[in-house]
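Reviewing the structure listed below.
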Amino acid sequence: NKKPVVAITGEDAYHLARVLRAEPGERITATDGQGRLYEVALTLVTPDAVHGEILSVTADHSEPEVKITLCQSILKGEKMDWVLQKGTEMGITAFVPFLSARTVARPAPSQCGKKQERWQKIVTAAAKQSGRGMIPAVHPLTPWKELTPMLADCFALVAWEEETALSLRQALSGRPRPQAVTLIIGPEGGFAAEEIETLKDRGALSVSLGSRILRAETAGPLAAALLLYHYEAL
Ligand code: SAM
């Protein structure tokens, strides 16, 4: 009786054949990006296609139970790359780059598609390097007006540097662990007060990440790590 087979194509096939120089007969571990790991015995290795027999399927424990979406007001240059790479290593599930009043980086509309592609490449590489069971999605660059409706029936937290009443810890304590959390982080120039009001009107909680002002590229990965630590997923 024939064993189920798996076919790998594209960049992964090329990487296996040309970079790792894998050979038929060798074993690899493959993920379907849906939380399952496959032990595979390779039967064919070419730069265009790699085939293998599935020897076993196991649950993938590399993904946190809490799905975090990081909405980040886009940052200039490398800083955005840093948020995407470190956020992926932390275990963030999806990224929504958005534009807000004080966003400094303002790519021309014709550039947005290229930027999203480049950002997705950074996230895909970081997901592979960190052994993630899935590749986080980078959503298209989202204008402010489209961001706020996305927050309906989400547990959304906006990190506001001027928040003095509610800390992240207070916002999380005494509340059961949610399936998903949406984190919203501002740009280098921060949030305008009316933006915070709009987010609160949509049900987001404004939280402090402490008494020091963090750079935007620090705040997102840090907040994700604190969330995962709090929910014992780190
Ligand atoms: N208004 C800030 C200032 O005076 O420098 C600029 C914003 S800060 C560099 C960038 C973003 O990081 C903020 O919009 C917020 O989302 C987050 N952030 C930084 N420090 C924070 C803190 N202590 N508490 C909550 N959020 C913080």
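The values are calculated or read from the model by the stated rules, or taken from the named source; none is laboratory data. This one's a predicted model, so the numbers in the text were calculated from it and none came from an experiment. Methodologically, a virtual Cβ is constructed for each residue, glycine included, from the backbone with ideal geometry; neighbour enumeration extends over all protein chains shown. In case anyone asks, the SASA skips ligands and DNA or RNA and just uses the protein heavy atoms, side chains included. Shrake-Rupley method; radii C 1.70, N 1.55, O 1.52, S 1.80 Å.
What's the total number of residues in region 122-142 that are among the charged types (D, E, K, R) and more than 12 Å from the chain's Cα centre (by Cα)? Count: 1. Of all residues in region 165-207, those being of a type in the set (Asp, Glu) and not in a helix (DSSP H, G or I) number 1. Quick one: is Leu147 modelled with pLDDT of 95 or more, open to solvent by 40 Å² or more (accessible area, probe 1.4 Å) and under 30 Å from Gln34 (Cα atoms)? Here the answer is no, as Leu147 does not meet what is asked. Of everything in region 153-165 that is closer than 18 Å to Glu194 by Cα and open to solvent by 50 Å² or more (accessible area, probe 1.4 Å), the residue that is farthest from the ligand (Cβ to nearest atom) is Ala165. Checked against the criteria, Gly210 does not count as within 11 Å of the ligand (Cβ to nearest atom), open to solvent by less than 10 Å² (accessible area, probe 1.4 Å), part of a loop (DSSP other than H, G, I, E, B) and of a type outside the set (A, V, I, L, M, F, W, C). Tallying residues that are more than 10 Å from the ligand (Cβ to nearest atom), closer than 13 Å to Leu227 by Cα and in contact (Cβ under 8 Å) with a residue 24 or more places away in the chain within region 171-200 yields 8. Screening Pro24 with (1) exposed (fewer than 15 other Cβ atoms within 10 Å of the Cβ); (2) assigned to a helix (DSSP H, G or I); (3) touching a Ser or Thr at 6+ places or on another chain (Cβ under 6 Å) gives one miss only, at (2). Of the listed requirements (1) open to solvent by 40 Å² or more (accessible area, probe 1.4 Å); (2) under 18 Å from Gly133 (Cβ atoms), Ala30 misses just one: (1). Entry remark, region 83-92: residues being hydrophobic (A, V, I, L, M, F, W, C), in contact with a Pro (Cβ under 8 Å, 6 or more places away or on another chain) and either part of a helix (DSSP H, G or I) or open to solvent by 40 Å² or more (accessible area, probe 1.4 Å) (or both) number 2 in total.
So if I check each of Ala126, Ala108, which one is under 30 Å from His61 (Cβ atoms) and aliphatic (A, V, I, L, M)?
Ala126
Within region 51-75, residues that are over 21 Å from Leu234 (Cα atoms) have Cβ atoms under 7 Å from residues that are among the polar types (S, T, N, Q) in these pairs: His51/Thr43; Gly52/Thr43; Glu53/Thr43; Ser73/Ser100; Ser73/Thr103; Ile74/Thr103, counting only partners at least 6 apart in sequence or on another chain. Looking only at residues of region 104-133 that are open to solvent by 10 Å² or more (accessible area, probe 1.4 Å) and not in a helix (DSSP H, G or I), we find that the one that is farthest from Thr218 (Cα to Cα) is Ala108. Candidates in region 57-82 are the residues that are at pLDDT below 95 and of a type in the set (S, T, N, Q); of these, the one that is most open to solvent (accessible area, probe 1.4 Å) is Thr58. Do we find that Ala225 is part of a helix (DSSP H, G or I), among the aliphatic types (A, V, I, L, M) and within 8 Å of the ligand (Cβ to nearest atom) in this structure? Spelling it out, it is not the case that Ala225 is part of a helix (DSSP H, G or I), among the aliphatic types (A, V, I, L, M) and within 8 Å of the ligand (Cβ to nearest atom).
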